[in-house]
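Comments concern the structure below.
The values are calculated or read from the model by the stated rules, or taken from the named source; none is laboratory data. Quick caveat: nothing in here was measured; it's all calculated off a predicted structure. Heads up, the Cβs are rebuilt from the backbone with ideal geometry, glycines too, and the neighbour counts pull from every protein chain shown. Note: accessible area is taken over every heavy atom of the protein model, side chains too, but ligands, DNA and RNA are not part of it. Shrake-Rupley method; radii C 1.70, N 1.55, O 1.52, S 1.80 Å.
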Amino acid sequence: MQPTNLNGGALTPRDRDILKDVILTFILTAEPVSSRSVAKHGQLGLSAATIRNVMADLEDWGFLAQPHTSAGRVPTRAAYHLFIRTMMEARAIPARERRYIEENLTGAAPADADQLMEVTSHLLSELTNQVGIVLTPTWGDTVIKAVDFVPLSGRKVLCVVISNTGFVENKVIETDEVTPREELVRAANYLTESFGGQTLREIRDRLLRRMDEERAQMDRWLSRTFELARRGLDLDQGPDVVMDGTSALLNQPELADLQRVRRMFETFADKARMVSLLNQCVRGGGVRVLIGDDSDLTSELDFSLVAAPYGVGDRTLGTLGIFGPSRMEYQKIIPLVDFLGETLSRALSDSFSGPEAK
């Protein structure tokens, strides 16, 4: 599709070449780009005066902005989106990086899926010098593989729930009376055999219906088993955000301002908003790029989010991505995020799921 300016007119090849040069230069230098610096590159064969006129037009059309009267120009959100859609030449992920990612995610079996989330966020940050983010699954939609109950002191019991993708959730509950270990084992085995392969939400709904329908006929042991399950299978546990690399951003020129640093850490501390933003990126599949005013969260810092879903089979479990200043190497980061989403999905499927999920 032919790119257009914000007034509906078509950008000429010359307009596009100059805009692309400005974007790539700004990504590399973090300094506003002047017409003279574009002319010095010598790739376009145009005079500084001609380039200056085109850059003035691109500013009028909303693709460039001038931070200061005497400064050069910087790309806008519209320019970055146009660059990603029509100008960007995505870089192939180097074979060395691909091997490194696969060795870390699929080479050695991790202790559990939560460890995979931490490894993935670290890889995202390490390979981009940005913040790596992984949104873990919503617990209520997780398919259960096994349930266990472990007696603690007094009437306290630890409920351990393991999903078919390796996520482990623990919750301490308190029973009405001390429950023997043998009875807890029997209850855990019953719940695992009866409800394994269903989501936590489905299990809770079935349990509540059966408790209402069969309360009069239910024997004491089954009644206590259902009560343990009701208390232990907690639907209130929402998704979590695993982040790595916040300190890496402190070396970025955009964060030389201490006020902006403070806002950045406040943003990262607001997990609920981070979860909401990442949940938006699950819809539709594929890599999504949010820049600046595309969302409240990216707008506050003039940051960008490049995100992709991960899952097992046809089930989407969560989102992973890169969060950082809008001046990022999209041609490198977009394919990297996509590859990490695919590799994490494969690692979860290969390491933890049964044959039916592959």
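What to note about this one:
- Test result for ARG224, surrounded by fewer than 16 Cβ atoms within 10 Å (Cβ to Cβ), at pLDDT below 85 and closer than 21 Å to ASP148 by Cβ: no
- Matching residues, region 70-108, being open to solvent by 80 Å² or more (accessible area, probe 1.4 Å), closer than 15 Å to GLU59 by Cβ and touching a helix residue (DSSP H, G or I) at 6+ places or on another chain (Cβ under 7 Å): ARG77
- Looking only at region 28-42, and only at residues there that are of a type in the set (S, T, N, Q) and touching a helix residue (DSSP H, G or I) at 6+ places or on another chain (Cβ under 7 Å), the one that is nearest to HIS68 (Cα to Cα): SER35
- Of the residues screened, GLU59 is one that is modelled with pLDDT of 90 or more, outside any loop (DSSP other than H, G, I, E, B) and open to solvent by 30 Å² or more (accessible area, probe 1.4 Å).
Table: residues versus (1) crowded, with 16+ Cβ neighbours inside 10 Å; (2) within 30 Å of GLY318 (Cα to Cα); (3) at pLDDT 85 or above.
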residue	(1), (2), (3)
ARG181	no, no, yes
GLY196	yes, yes, yes
ARG215	no, no, no
ARG220	no, no, no
ALA229	yes, yes, no
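- Strands (runs of 3 or more DSSP E) wholly inside region 242-337 containing at least 1 residues that are within 20 Å of THR136 (Cα to Cα) and open to solvent by 60 Å² or more (accessible area, probe 1.4 Å): 288-291, 315-325
- Some residue of region 38-53 being surrounded by fewer than 18 Cβ atoms within 10 Å (Cβ to Cβ) and under 21 Å from ARG85 (Cα atoms): no
- Single residue of region 137-164 satisfying the filter (open to solvent by less than 20 Å² (accessible area, probe 1.4 Å) and in a loop (DSSP other than H, G, I, E, B)) that is nearest to PHE226 (Cα to Cα): THR142
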